[in-house]
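Here the structure is laid out as structure tokens; the discussion comes afterwards.
Each reported figure results from applying straightforward, stated rules to the coordinates on display, with no laboratory input. Because the structure is predicted, anything quoted here is derived from the model rather than measured. Quick reminder, even Gly has a Cβ in these numbers, built from the backbone with ideal geometry, and neighbours come from all protein chains shown.
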Amino acid sequence: MPLALHNMARNMAEDWSDAWLQKVAGWKAVKSGVALASSGLVKEASFNGSECHAVISSAKPRRVRVIRIDDTKAETFCYCAENQRTGAMCEHAVAAITVARGQGKKQGAAAPVTDKKETIIFKSSSSREEQRALRVEFFPRWKDEWGAGRLSAKITESTRSPEESDAALFAWLRQTGGAQRFMPWILSIPGNTCEEFIDVILGHPEIQCQGQTIVISTDLPKISVCCRPSVEHLDVSLVEVDVQKMGGNTSGLYHIGNQLFKSTDRKLYSFFDLLFTEKLAKITYSQLFECNSLVNCLVDQSGWMERVAWQTIDPALIVTMDGDLQCLRLENHWKYQHGNWIEVREDHENYSDFLFFESNVCYMSGASRRQELLKLLSRQGWEEIDGGWNLRGEDLLLTFFQKGREDLLAISQNIDESLALKRTRESLVVLRASIEQRQVDSQHTALSLHFISQEGRAFDAQKIRKLLESGKRLIQTNDGKTLLLPKESWDVFMQTAQDLQFAQQKGEFLAKNAHSLVIEYLRKYYDKNFIFNNQSKTHRNNITADFPNLRADLREYQWQGVSWLRDRLESHGFALLADEMGLGKTIQTIALLLAFARPDNLGLVVVPTSLLRNWETEIAKFAPSLKTIVWHGEARGDDLLAENHSVIVTSYGVLVKDRAFFMKRGYSLLVLDEASMIRNPDTEVARACYRMQAQRKIALTGTPLENSVQDLWSIFQFLQPGYLGERKAFRDRYERMGGDASEKQVSRDSLKLRVMPFILRRTKDEVAKDLPEKMEYDQWCDMSAEQSHLYQNVLNQGLVKIDSMLRDGDSAARMSLLTLLLRLRQICCDAALYDPSLVESWSMEQRSAKLEQLFRLVQGSVESGRKMLIFSQFAKQLHVIEAECKARSLSTLRLDGATRDRQALVQEFQKSSGPPIFLISLKAGGYGLNLTKASTVIHFDPWWNPAAERQASDRAHRIGQTQRVQIYRLLTRGTVEERVKKMQAEKSAIADRLFGAGENASQLVGKGGDLEVLRNLLL
């Protein structure tokens, strides 16, 4: 009988343990929070399912709310400076949870709370009054009234659905006597209570004056300023903005246009006060650049902000370690240095990315080293605890001493060990395996394993092998030391020997010379200093002569790629070019077509339909001597090949339809572009590609692992059928791998040894260091009351139906789950995608929180002269955005599955005078486009696979880009989109560990559907 979905969510939410708090809040917040809990200032602390609520006494009672999301995340609502600045769980939230668990002192009843929007919880009640939606109406002279010491307002009932802000307002009115028996309620609020009233209605969706909406928010609107820099600070002057300060001297309230803005950041309070009252203010560079929202809202008429350069500084890693063979403890710091400037930061403390500002350059902390450390520690099995990392378990610890410590040293240069740990390590004699190779005959090579200690002492290879074969890992020696055997290295060698069918003979392993490349990689695995025999030192001056007909100026790494590919094609007949998107895989392949394709020995290029004309154009431009035919459309026939063509370009669809035509010919070179098209081995396209014969084969893809390691098997099944074995055996070994971290690492290493000799992958960070920086942001949106209500109704109705189907054993349950997921994703984007009639009956703000956020970003981008790409998976959503842009007099281009002439749209956008906004369907335009005029990319909705999102983003962040690229992902909080985001992070490790360059693999469900994964996305 299937688990009930609601019970799964409830059980998950009940864990509020100390361990969970340490993970989510960190040691500093926990330490302060526990102390606060003991002070007796926490009142009314309680749990309600996945939420914790409490009131904390202070000068003004503070209400705190915590929503537990999962084992590592929570959402905290508190108006303390820390939570407002970072969104992190603060000491008040920790205190609330501690008291709710009965582990702290609890005060008596709380005083009436009149805090901000989130501070009064919308409790269920049978009272109809408490569930009313309220409208607030100010009178025409409300600003003058307030200045004179009183504020009048009228409260009436609204027709929209009630929400939390209405409950907060009603509770305040009831406390102050403003809620009368009959509506409308006329309020006359004395001056000393006006600011309290504004705090209560902060963020309320329906505040009006004479029919015009008034927005009361902590979000700063766009304001025009002029900036004048000096050495220590920036002078900012206000330009033609009508601003009126409201309330007392410390209110932080300003009326700008139709918005009442409240400044809540104490660090910026004096800046806003001077700017809005004196029209001139000073701000330090740290205050400015630490606040992204401020940078985005200031529209600098002087142009200074546009001239600011951005540069990242990668920190040096400082590691300290303690422990023994039972448990290791690791703590790390980061040392940033630029010239004479030095700063050391602790990893568990909250810091902004800003470091310092100098000579018009803003220096930011680089995240790559930190990400590298996190990936390494995760791979080694470390657990993050109390602001540091712990490693437990015999196998994991021994593997660390054997190999992991060396990997850690590679990125930290030094490890500061405690005296006790140093003694433990010095008592270990760590054995390392090495390989010797000798040529037996023209067909075979003999390999022998040897075992040497760190001090260079050789051990009897036969005895060590017998110990390893018996499963031993630790051996006590006569001199009191402990011998640590290289079990993981041994397992990798034996698995590779089994895969490649090495024969054992007199203590040696006999390998065929056909596996020479894998043997070289195997030797490199054991000896980092080993140099490949075929390691190319190709430079421009000694390869360009081989390609006299190539009309292109290739970069150094591209020439090296051409040389490497040619070597693999000539020696083994196949290769996979997996360079990151935007590094020029097409031009490198065109060079190889020039080398191999002839009229009597054709080259065949198979591409997605949308890229046919792109390939035709690129070949004509860079290799005009290659006569090329595009085999597509209705007019296809053998007679077309009578014109001495050297290259055929066709689509995957036509290859399937005309397989008999293509299979009766031989090819000098067969190229699959966007080879992820064959990632599913069960498709007709994949099967047709497997059957194609050619002297040489190349697969091109920037995402060699898109869903799972099965993608890799399918590509290699095309390149060299049978090389990775039978599909089922491959899946059992690599896709469904079990065991601990050490066993999984053995499987990954052995697979890597087999495939990496034939894969060339470079990233932009490695080879295109002159490429401008790419900044990525997750923009979280909270749905409107109407949108949220619709989402919850559709979810609840869907769950009832699916639970019933699961109880009855209905095989259609999976399809219903997928349909429900689609509907929920549509509602997250725009309720009108689910119900088109809502376009007429609901406002844009009611239908979609994302559209509101989107057009804030659009406005900022257009005003600053930046071009932008907007991606969505829903074509209807693009139509909605297009219509809204038109209503705002913004010109756009749109590309989706129905678009025929993609290149014409690309050329129009790339013109300086072209439209500033390009709306693109993720699937139709996620690849094959060069859109370097764009420097802003927005993903309106997330896709299961982050690799697809990155590939789309790289339409702008690629060779030829000269501006810093900003990438925004719009996500709705507390919905299926948040679960998808979490799932992407959890499933991202596979390709990182195979390719080591950040390629993600986010498999949603296996074939047949994993109902448990789908359930978890819903709740």
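Using a cut-off of 13 Å between beta-carbons, work out the net charge of the residues near Glu908 (Lys and Arg +1, Asp and Glu -1, Glu908 not included).
+4
Is the C-alpha gyration tensor of the stretch 540-736 telling us rounded, prolate or oblate? Criteria: a/c under 1.5 is rounded; beyond that, a/b larger than b/c is prolate, otherwise oblate.
oblate
Under the 0.36 nm per residue contour assumption, what length would be gained going from the current alpha-carbon distance of Arg807 and Gln437 to full extension?
127.0 nm
FRET efficiency for Ala410 and Ala875, Cβ-Cβ distance as r, R0 = 51 Å, nearest 0.05?
0.60
Counting only C-alpha contacts under 8 Å and six or more residues apart, can you give the relative contact order of the stretch 467-620 as a whole percent?
Reported relative contact order: 11 percent.
Using 7 Å Cα-to-Cβ label points, what is the Arg174/Gln326 separation (nm, one decimal)?
Going by the 7 Å Cα→Cβ label model, 5.7 nm.
May I ask you to evaluate 6.51 cos²θ - 1.76 cosθ + 1.60, the Karplus curve with θ = phi - 60°, for each residue of the stretch 660-677 and list the ³J(HN,Hα) values in order in whole Hz, giving x for glycine and proline?
Each residue's phi maps through the Karplus curve to give 5, 4, 6, 6, 7, 10, x, 9, 6, 8, 10, 10, 10, 8, 6, 5, 5, 4 Hz.
Quick one: grab the alpha carbon gyration tensor of the stretch 261-375, order the square roots of its eigenvalues as a ≥ b ≥ c, and give me rounded if a/c is under 1.5, else prolate or oblate depending on whether a/b is larger than b/c.
Prolate, since a/c reaches 1.5 and a/b exceeds b/c.
Give the residues of the stretch 440-456 whose amide nitrogen is closer than 20 Å to a point set 7 Å from the Cα of Asp527 in the direction of its Cβ.
Once the point is set 7 Å along Cα→Cβ of Asp527, 440-441, 444-456 turn out to lie under 20 Å by backbone N, inside the stretch 440-456.
Mind jotting down the distance between the C-alpha centroids of the stretch 211-239 and the stretch 138-155, whole Å?
One Cα centre to the other: 25 Å.
Could you give the nm distance between label points at Asp658 and Arg370, where each point is 7 Å from its Cα heading toward the beta carbon?
So the label points at Asp658 and Arg370 sit 5.4 nm apart.
Taking the 0 to 90 degree range and rounding to the nearest ten, how far is the long axis of helix 710-719 tilted relative to the main principal axis of the chain, both from C-alpha atoms?
Between the helix axis and the principal axis of the chain, the angle is about 40 degrees.
Relative contact order (percent) for the chain, with alpha-carbon contacts under 8 angstrom and 6 or more residues of separation?
Over the chain, the number comes to 7 percent.
If a/c stays under 1.5 just call it rounded; otherwise compare a/b with b/c (prolate if a/b is bigger, oblate if not). Do that for the stretch 19-59, with a ≥ b ≥ c from the square roots of the Cα gyration tensor eigenvalues.
Oblate shape, in that a/c is at least 1.5 and b/c is the bigger or equal ratio.
If R₀ is 60 angstrom, what is the calculated FRET efficiency for the pair Gln476 and Ala887, using the beta carbon separation as r and rounding to 0.05?
That gives a FRET efficiency of 0.15.
When the dipole is taken about the Cα centre of the chain, and only Lys, Arg (+1) and Asp, Glu (-1) are charged at their Cβ, what size is it in debye, to the nearest 20?
1280 debye
Using per-residue counts of other Cβ atoms within 10 Å, averaged over each peptide, order 523-529, 609-615 from highest down.
Ranked by mean Cβ neighbours within 10 Å, highest first: 609-615, 523-529.
Place a +1 charge on the Cβ of each Lys and Arg in the stretch 540-736 and a -1 charge on the Cβ of each Asp and Glu, then give the dipole magnitude about the Cα centre in debye, rounded to the nearest 20.
340 debye
Taking amide H positions as placed 1.01 Å from N in the peptide plane, with prolines and chain starts having none, which residues 5 or more places from Thr218, or on another chain, fall under 5 Å of its amide H?
Here the answer is Lys262, since their amide H atoms fall under 5 Å of that of Thr218.
Once the piece of chain linking His789 and Thr213 is laid out straight, how much longer is it, given 0.36 nm per residue of separation minus the C-alpha distance between them?
That pair, His789 and Thr213, stretches by 205.1 nm at full extension.
Amide H neighbours of Ala74 under 5 Å, at least 5 residues apart or on other chains, H built in the peptide plane: list them.
Amide H to amide H, under 5 Å and 5 or more residues apart or across chains, Ala74 pairs with Ile69.
Throw me the Rg/Rh for the stretch 432-526, computed over C-alpha atoms with Kirkwood Rh, two decimals.
Rounded to two decimals, Rg over Rh is 1.00.
Kindly express, to the nearest 10 degrees and within the range 0 to 90, the angle between helix 368-380's C-alpha long axis and the longest C-alpha principal axis of the chain.
70 degrees
How many percent of DSSP beta bridges within the chain run antiparallel, rounded to 5?
55 percent
Applying 1/(1 + (r/R0)^6) with R0 = 56 Å to the Cβ-Cβ distance of Asn796 and Ser224, what FRET efficiency is obtained, to the nearest 0.05?
Between Asn796 and Ser224 the formula returns 0.75.
Please work out how much length the chain gains when fully extended from Gln910 to Thr683, using 0.36 nm per residue of separation minus the C-alpha to C-alpha distance, in nm with one decimal.
Stretched fully, the Gln910-Thr683 segment lengthens by 78.1 nm.
So what is the relative contact order for the stretch 223-307, in percent, with contacts set as C-alpha pairs under 8 Å and at least six apart?
In percent, rounded to a whole number, it is 36.
If you line up the long axis of helix 27-38 against the longest principal axis of the chain, both from Cα atoms, how many degrees apart are they, to the nearest 10?
With rounding to tens, the tilt is 30 degrees.
Restricting to DSSP H runs of at least four residues, report the calculated mean residue ellipticity at 222 nm for the chain, -39500 (n - 2.57) per run over all residues, nearest 500 deg cm²/dmol.
After summing the helix terms and dividing by residue count, I get -11000 deg cm²/dmol.
Compare the Cα positions of Ser516, Leu760, Gly666 along the charge dipole of the chain (+1 at Cβ of Lys, Arg; -1 at Cβ of Asp, Glu; about the Cα centre) and return the one farthest towards the positive end.
About the Cα centre, the residue reaching furthest to the positive side is Gly666.
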